[in-house]
Structure formats: structure tokens, C-alpha cells
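Participant: Let me begin by handing over the structure; questions about it come next.
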Amino acid sequence: MSAIIKTPEEIEKMRVAGRLAADVLEMIGPYVVPGVTTDELNTICHDYIVNVQQAIPAPLNYHGFPKSVCTSVNHVICHGIPNEKPLKDGDSINIDVTIIKDGYHGDTSKMFHVGTPNIQGKRLAEVTQESLYIAIKMVKPGVRLGDIGEAIQKYAESFNYSIVREYCGHGIGAGFHEEPQVMHYGKAGTGEVLKAGMCLTIEPMVNAGKRQCKLLKDDWTVVTRDRSLSAQWEHTLLVTENGVEILTLRSDDTIDRIIEH
């Protein structure tokens, strides 16, 4: 299976889906405060996606996932299931949103700091976001996925952080997860070549400690084996004729929506 090149009509639907996914993360920010539960955040997101956006929350019932967003707190790497535990001052949380609109997916995630940020958590989140931005700025036709993986890995490891290897970015469109797989580590000059019209996510997961992870008994929640903090950011991207368009850009992003080379 190779990547699906999107038609102009499909690209327009991807733009709409991407914008809606970004809007959910902008909407939920003020609610991420000490004392709120991740289940309450899930309900707010669900109601907004379904009632305001007239869209579908893609994670809900996806292979049995029971909620509408993923909420990964502190040492949870990804796929955290919203629950009744209140957030505490100093927690860091990744909220991962995927919506379906007119049959097409927009997928994005952001780190939030609860109350007064934990200094280590804030730095880890900043470096992880910088690694994503470095990768995005490389995207254009002719670039190999290994080039992107190596750049993310080198940047994160220069801070003595580590890259999670078991989970990756992916192609996206009418399917939630399409080809290709987008690794956040690797070797330049290897991997699939990017082509104009491809849509994909880049979503580095970076641990403050060692890279090893563990899947909990719920078969979803992935945590760091050494209980160190983890961070992740994600954008859905369109490879253009001469660069990249970020389909899930938010107002708090410090990178241009369209990058041309």
C-alpha cells in the first residue's frame, strides 16, 4: 500500500476537517484548570464537535475506544482514556482530537499546562513542539520520511530526551490511519518519498527519561516505563507542489500555515 494522493476536492475537505479539529483545541483551553476531570473535558469536546461543528469525533468507538478525545496526563505517552480523576496544579496534559467532517479526518494534539506549569514539563513540551516545527519546515516533494525522522530524533536527543518508537504519525484522509507510517526517528536518505497531494500527520512523542513504554491493562493507555514525563504535539499536513500547508494550524502556533521552498 502506498500513500493516497488527494484530489483538489478531497484537499478542500481536508482543509475543513483540519480547521475544525484545531478549533476544538482552541475552544477547550480555558477549561483546562486544576480540579477539572478529563472526563469533563471529554464531554465538553464531544458536545462541541457533535452539536456546534456537526461533525463526528473519530476516536469514539474506534476499535472500541470509549471516549471522544484522548487525554494523556504527565507520564502517559498517548491514548489516555478520559476519567474521573481531577487535574492538579502543575500537571501537563496532551489533548488529542480527531474529527470527521464530510467523510474526511482532521487530527491534531496540543500540550496544556494545568495551573502553574511544572518547569520540567514546560521545557519538555517546548522542545517537543520545536521538533515538530523543524520537521514541518522540511516537508516538500522529494523529501524522504527518514530525513524527517532523523531531524526530530537528533533535536530531541540533543536535550537528553528520548523518542518513543512504538507509535508514529500516519497518512490521513477518508481513512483515520492511512499509509505511510511516519516515524519520529530514523536515518536520512531512507523511507518513502513525499509527493504533492499527500496528507499526513507528524506527531512526535518525546520522553524526559528513557524511551521504553508500557501498555496498561485497558489496552489503550501507553505510559513511560520509568514514569518520566512525556509530551506530544501533532499537526495534519498537506504536501504542496513546493512545500507544506498545515491544515490544523491554531492561533497559538508560532509557525506559518503555508511554507514554500
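The values are calculated or read from the model by the stated rules, or taken from the named source; none is laboratory data. Note that the coordinates shown come from a computational prediction; the quantities given were computed from them, not determined experimentally. So basically every Cβ, Gly included, is an ideal-geometry build from the backbone, and we count neighbours across all protein chains shown. Note: areas computed on protein heavy atoms with side chains; ligands, DNA, RNA excluded. Shrake-Rupley method; radii C 1.70, N 1.55, O 1.52, S 1.80 Å.
Participant: Just checking my list [x] 21.6, 89; [y] 19.4, 67; [z] 17.0, 48 against Rg and Dmax of the Cα atoms in Å computed from this structure; which label fits?
Facilitator: Computed from these coordinates, Rg and Dmax of the Cα atoms in Å corresponds to label [z].
Participant: Another question, if that's okay. Along the Cα-to-C-beta direction of Ile258, a point sits 7 Å from the Cα; which residues of region 1-41 have their amide N less than 19 Å from that point?
Facilitator: Flagged as within label range: 6-20.
Participant: Okay, next question. Please give the charge dipole size of the chain, origin at the Cα centre, charges +1 on K and R Cβ atoms and -1 on D and E Cβ atoms. Round to the nearest 20 debye.
Facilitator: 700 debye
Participant: Report in % the part of the accessible area of the chain that belongs to carbon and sulfur, leaving out ligands and nucleic acids; probe 1.4 Å.
Facilitator: 52 percent
Participant: Around Thr236, which amide H atoms from residues at least 5 apart in sequence, or from another chain, sit under 5 Å from its own amide H, with H modelled in the peptide plane?
Facilitator: For Thr236, whose amide H was placed from the backbone, the distant partners under 5 Å are Asp107, Leu247, Thr248.
Participant: What number, rounded to the nearest 500 deg cm²/dmol, is the helix-based mean residue ellipticity at 222 nm of the chain, given -39500 (n - 2.57) per DSSP H run of at least four residues and division by all its residues?
Facilitator: It comes out at -8000 deg cm²/dmol, rounded to the nearest 500.
Participant: Counting only heavy atoms of the protein chains, get the accessible area per residue of the chain (1.4 Å probe) and round it to a whole Å² value.
Facilitator: 43 Å²
Participant: Cα gyration tensor of region 1-143, axes a ≥ b ≥ c as square roots of the eigenvalues: rounded (a/c below 1.5), prolate (a/b > b/c) or oblate?
Facilitator: oblate
Participant: Just reorder Thr128, Thr254 by solvent-accessible area, largest first, 1.4 Å probe, all chains present.
Facilitator: Reading off the accessible areas and sorting them downward yields Thr254, Thr128.
Participant: What percent do you get for the relative contact order of region 6-258 when only Cα pairs under 8 Å and 6+ apart count?
Facilitator: 22 percent
Participant: FRET efficiency for Val193 and Asn83, Cβ-Cβ distance as r, R0 = 41 Å, nearest 0.05?
Facilitator: That pair, Val193 with Asn83, gives E of 0.45.
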